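The values are calculated or read from the model by the stated rules, or taken from the named source; none is laboratory data. Fair warning: this is a prediction, and the values are worked out from it, not measured in the lab. As a convention, Cβ positions derive from the backbone with ideal geometry for all residues, glycine included, and neighbour counts pool all protein chains shown.
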């Protein structure tokens, strides 16, 4: 019986390895999660802040500050991952939403939102991407406000997130999943976004 108890206690530690996923890594204020593709030996990684911009509520997914690869640049983004039909209100961000991001004392920049697969991603424009990449490295805090969607207001107080260990987190992220200069979806116009959103809603 003691051996059985010990084995059961160790099972949660074994499951990530059996599924091809490494345990999450805590690096400063960041959390890195990777899954290894056994066919290509490439890792699919997600690097997001440990605290939510907006916490999940029921079936509505939370909003997170994340680092994503945009054509070889590791830039900040605001994301809502793995939308479902019940949480499709987040999908409105893809049509009408914008995320405002500021690394004080630098000036704010706006990140238009779009639908990528089953996720909403608000990312810097190509013009702002170099600045966003550089400011993220040196910042000790971030101010985030989402405007548009269902009930987000342009006058709401922004969420403040403390940043720590960002350089180390980005270095680990780049090592696990090297940036790809061709990565990043092509921009869609409003009609294309609407068609993609309708297809998403119809597939649930």
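You will find that of 131, 107, the residue that is in a helix (DSSP H, G or I), modelled with pLDDT of 90 or more and over 12 Å from the mean Cα position of the chain (by Cα) is 131 and no other.
All conditions but one from (1) loosely packed, with under 15 Cβ neighbours inside 10 Å; (2) touching a helix residue (DSSP H, G or I) at 6+ places or on another chain (Cβ under 9 Å); (3) not in a helix (DSSP H, G or I) apply to residue 121; the one that does not is (1). Restricting the search to region 111-125, which residues are free of Cβ contacts under 8 Å to residues at least 24 places away in the same chain and touching a strand residue (DSSP E or B) at 6+ places or on another chain (Cβ under 8 Å)? Those that are free of Cβ contacts under 8 Å to residues at least 24 places away in the same chain and touching a strand residue (DSSP E or B) at 6+ places or on another chain (Cβ under 8 Å): 112, 125.
Restricting attention to region 125-149, the residues that are out of contact with any helix residue (DSSP H, G or I) (no Cβ under 6 Å at 6 or more places or on another chain) and surrounded by 14 or more Cβ atoms within 10 Å (Cβ to Cβ) add up to 15. When 51, 41 are screened for being surrounded by fewer than 16 Cβ atoms within 10 Å (Cβ to Cβ) and on the phi > 0 side of the Ramachandran plot, only 41 passes.
Quick check on region 80-89. Is at least one of its residues modelled with pLDDT of 95 or more and under 13 Å from the mean Cα position of the chain (by Cα)? Among the residues of region 80-89, not one is modelled with pLDDT of 95 or more and under 13 Å from the mean Cα position of the chain (by Cα), which makes the answer no. The residue list 28, 62 contains one member that is more than 16 Å from the chain's Cα centre (by Cα), touching a residue at least 12 places away in the same chain (Cβ under 8 Å) and under 24 Å from residue 133 (Cα atoms), which is 28.
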